[in-house]
Each structure stands twice: as C-alpha cells, then as structure tokens.
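Structure first, commentary second.
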C-alpha cells in the first residue's frame with residue numbers, strides 16, 4: 001500500500017519507547033501495544049507517529065506504564081532483587097531454634113533488611129527454599145525444611161511484603177552445598193535460599209491465531225496437491 005515503508009519504519013521507531021511490546025501495521029491502522037517504564041510513553045508515541053505520518057493516519061496506542069521498569073525510580077529488576085538478597089545475607093544467616101521452624105532472635109535484623117528490599121521490588125515470582133543437613137530421616141528433614149521456608153514467608157508477610165507471587169519449597173537434604181561429614185559442612189547445608197522463578201514468555205493471542213490459520217491453510221494446500229487415487233481395475 002501507499003506509504004507502506006514510512007508507516008512500518010515509524011511503527012518500529014515507536015517500539016523504542018517500550019520495554020517490550022509489538023507493533024501491527026495494516027492498510028488502515030497502526031497498533032502499538034506493550035509496557036514501559038516511561039510514564040509519558042503514550043504521548044511520546046502519538047507525537048512521533050503524527051510527526052512522521054501526519055494526522056491522516058489512524059493510530060491505536062495501548063501502552064501500560066509499569067513503575068518497576070521506570071529507571072528514574074531506581075526499582076531493581078527481579079534478577080537484581082535476588083542478587084541483592086544474597087548480598088544482604090552475606091556472612092550472616094537466617095537461623096532457627098534447634099530442630100524447629102521458629103526463627104531465632106538473631107534472624108530479626110536479616111529479615112527486616114530483606115523485607116525492606118522486597119517492598120521495593122514489588123510482587124516478583126520468588127521461591128523460598130528450605131534446606132537441611134543429612135542428619136535424621138529424609139522425610140523429617142523435608143518436612144522441617146518446608147516448615148522453615150514457610151516461616152520465612154510468614155515473617156515477610158508480617159512485614160507487609162507482597163508475597164502473592166512467592167512459593168515455598170522444602171528440599172530437605174537433597175541439595176547439599178558442603179560436606180555433611182563435618183560440623184561446618186552441616187551448618188552450611190542448613191540454610192534458606194531465595195531463587196527467582198523463571199516464567200514462560202507470554203504468547204500473543206493474535207499471533208497464535210494467525211499461526212494456526214496459516215498451518216491450516218498449509219495443510220489444505222498439501223491435501224489439494226495430492227493426486228487422485230487410481231480407479232480400481234484401470235491398471236494405472
């Protein structure tokens with residue numbers, strides 16, 4: 001269509017205002033979708049398209065502002081949050097009363113520091129993992145590690161951390177990081193870890209429908225290309 005290259009290039013340039021998103025160019029419309037850390041992105045994109053293409057073009061801009069993506073607010077990414085939790089713990093340890101899932105008094109300051117960070121991070125997909133040493137029965141170690149991870153979650157919730165995206169998992173003695181044959185090793189293996197839950201990228205429904213339709217058309221074409229079966233008795 002007329003002016004097609006200019007319209008496509010303008011749409012691609014609009015994507016520069018987004019952290020992630022998509023642009024769809026049709027003969028009658030330019031659609032821009034996505035998320036951004038720029039609160040003025042919608043106005044910026046509209047101004048860009050008007051400047052490049054004029055006011056005769058039809059635009060549909062649906063951009064969501066996400067403050068976690070706003071670099072001016074200094075909000076760390078989920079990956080940065082997990083790395084900073086590791087830094088906060090450092091040489092310290094989230095510890096419990098012996099043989100119990102009750103946090104001991106020494107854990108208060110660590111939990112306060114972690115909670116302060118996670119309040120800034122927002123509702124990120126986080127797994128709180130509990131681990132034990134190899135002493136005792138496997139089943140009891142797994143249950144203890146699960147209870148301890150749950151205690152940490154409860155402590156964060158009590159500190160007004162958004163924990164809707166968190167899960168707790170007790171791994172018992174199955175993932176040692178040191179030798180269980182020494183007291184120092186067993187002490188290292190009794191631990192709480194924070195891991196980011198990897199999420200699958202969202203699939204655009206429009207793209208999925210178009211791919212399905214394309215596959216169906218390919219299948220119809222293949223079926224039409226098949227030669228007719230020879231008639232019985234013709235000798236072909």
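Since every read-out is calculated from the coordinates, none of them should be taken as a lab result. Here the structure is a predicted model, which is why all the values come from computation and not from measurement. Backbone-built Cβ (ideal geometry, glycine too); neighbour counts: all protein chains shown.
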- Message: Could you tell me how far the Cα centroid of region 49-121 sits from the Cα centroid of region 141-181, in Å?
- Response: 19 Å
- Quick one: go through region 22-57 and flag any residue whose amide nitrogen is under 18 Å from the point 7 Å out along the Cα-to-Cβ line of residue 65. 33-48
- Message: Can you tell me how region 4-70 classifies by the Cα gyration tensor, rounded, prolate or oblate, using a/c under 1.5 as the rounded cut?
- Response: prolate
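Taking a ≥ b ≥ c as the square roots of the eigenvalues of the Cα gyration tensor of region 76-196, is the shape rounded (a/c under 1.5), prolate (a/b larger than b/c) or oblate?
On the way: a/c = 1.77, a/b = 1.69, b/c = 1.05.
Verdict is prolate for region 76-196.
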- At residue 138 and residue 29, where each label point lies 7 Å from the Cα along Cα→Cβ, what is the point-to-point distance in nanometres? 5.7 nm
- Message: Along the Cα→Cβ direction, 7 angstrom out, place labels at residue 8 and residue 108. What is the inter-label distance in nm?
- Response: 6.5 nm
- Message: Testing the spin-label approximation: label points 7 Å from Cα along Cα→Cβ at residue 47 and residue 19. State their distance in nm.
- Response: 2.2 nm
- Task: Please check which bits of region 86-114 a label hung off residue 175 would reach, taking the label as a point 7 Å along Cα-to-C-beta and the cut-off as backbone N under 14 Å.
- Result: none
- Nearest 0.05, what FRET efficiency do residue 39 and residue 120 give at R0 = 22 Å with Cβ-Cβ as r? 0.75
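Taking R0 as 25 Å, what's the FRET efficiency between residue 58 and residue 164 from their Cβ-Cβ distance, rounded to 0.05? Mind dumping the intermediate values first?
Numbers: r = 39 Å, r/R0 = 1.55.
Efficiency, from the Cβ-Cβ distance: 0.05.
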